[in-house]
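Asker: Would you mind keeping the following structure in view while I ask a few things?
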Amino acid sequence: MARQPLAPFPANAFSRVLCAVAHPDDVEYGTSSAVAAWTSKGIEVGYLLLTRGEAGIDTMDPKATAELRVREQIKGSHEVGVTRVEFLEYPDGVLEYSLSMRRDIARAIRSFRPDALVVSPWDVEFPIGLNQADHRVAGLAAVDAMRDAGNRWVFPELLGEGLEPHSTRWLLTNGLENGTHGVDVSGEPLKRGIASLEAHAEYLAAIPGHRSVRNFWRSPLSSRSRAPAFTNMPSPRLVSTSSSPASC
């Protein structure tokens with residue numbers, strides 16, 4: 001059965017988007033072409049990465065791996081028009097949900113003040129397999145931090161840093177089987193999204209059996225070329241949050 005086109009996002013729904021994920025390359029696998037489409041329209045996008053991906057290459061020292069992956073992430077971000085890329089210092093592979101993590105993400109939200117927050121799915125299992133542990137932790141912590149950022153009495157120390165509360169209007173995550181909206185990434189946004197993943201060349205080359213980037217993207221997109229697509233994944237799930245300050 002042909003996939004039915006999903007509705008595009010509301011016009012002028014957001015002018016600033018923050019993508020909060022666990023690792024370098026996480027955005028490139030499921031979101032970067034949408035990011036390219038957004039930045040081409042003047043929407044400002046920032047990335048927040050909880051780790052530097054130092055546990056990602058079995059044959060390389062973690063310190064060297066972190067330096068490599070930071071370089072590749074910055075290069076990939078530039079391919080889709082993103083210049084604001086912040087890396088935190090949480091340990092790759094062993095992320096633990098914590099108040100400090102929520103505070104750090106809330107700090108980034110209050111600083112950047114986005115209209116929309118993009119996060120990783122936090123389910124244990126989803127249609128393409130078992131979700132990686134760091135992705136689950138990062139996704140859930142980001143969802144909770146979004147609400148924390150809007151409440152001045154949660155992490156009040158942020159007020160001392162000059163960071164007033166900010167309530168983000170939209171939460172976006174890969175919808176997989178239950179997407180609510182689509183992003184048209186045909187043409188240049190798709191090319192730029194592919195280029196952003198190709199920027200992680202050394203990391204991808206170190207993954208045994210990893211398909212070429214272009215083969216990885218081709219099959220998921222070919223069956224729904226007429227439908228608005230969210231990069232190489234089914235369309236995103238959009239959640240509207242309260243525009244008033246969050247409450248406990």
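Asker: Towards the positive end of the charge dipole of region 1-112, with charges on Cβ (+1 Lys, Arg; -1 Asp, Glu), say which of 23, 64, 34 has the farthest Cα.
Answerer: Of the listed residues, the answer is 34.
Asker: For residue 102, what is the net charge nearby, where nearby means another residue's Cβ is under 10 Å from its Cβ and Lys, Arg count +1, Asp, Glu -1? Before the final figure, lay out each step's value.
Answerer: On the way: positive: 103, 107, 147; negative: 104, 144, 148.
Cβ neighbours under 10 Å give a net charge of 0.
Asker: Tally Lys and Arg at +1 and Asp and Glu at -1 over the other residues with C-beta under 14 Å from the C-beta of residue 60: what net charge comes out? Could you put the intermediate results ahead of the total?
Answerer: Working: positive: 52, 63, 69, 71; negative: 54, 58, 61, 67, 72, 92, 202.
Local charge sum for residue 60: -3.
Asker: OK, next. Measure out, as a whole number of angstrom, how far apart the alpha-carbon centroids of region 14-56 and region 143-211 sit.
Answerer: Between the Cα centres of region 14-56 and region 143-211 lies a distance of 5 Å.
Asker: Test of understanding: ordering 154, 21 by Cβ neighbours within 10 Å, fewest first, what list do you get? Intermediate values should be presented prior to the final figure.
Answerer: Working: 154 20, 21 25.
Going from least to most buried by this count: 154, 21.
Asker: Further question: So what's the net charge close to residue 88: Lys and Arg +1, Asp and Glu -1, counting the other residues with Cβ under 9 Å from its Cβ?
Answerer: Numbers: positive: 52; negative: 86, 89, 104.
The answer is -2.
Asker: Once you place label points 7 Å from the Cα toward the Cβ at residue 96 and residue 13, how far apart are they in nm?
Answerer: Going from the residue 96 label point to the residue 13 one covers 3.7 nm.
Asker: Here is a further query. When 29, 47 are ordered from fewest to most other Cβ atoms inside 10 Å of their Cβ, what list results? Please list the in-between numbers first.
Answerer: Working: 29 20, 47 28.
Placing the least packed residue first, the sequence is 29, 47.
Asker: Taking 35 Å as R0, compute the FRET efficiency from the Cβ-Cβ separation of residue 159 and residue 184 and round it to 0.05. Display every interim value, and only then the final one.
Answerer: Numbers: r = 41 Å, r/R0 = 1.16.
Plugging the Cβ-Cβ distance into 1/(1 + (r/R0)^6) gives 0.30.
Taken together, the values in this text are just the output of simple stated rules run on the coordinates, not laboratory data. Predicted model, so just to flag it, every value in this text is computed and none were measured. Cβ coordinates were reconstructed from backbone atoms using ideal geometry, including for glycine residues, and neighbour counts include every protein chain displayed.
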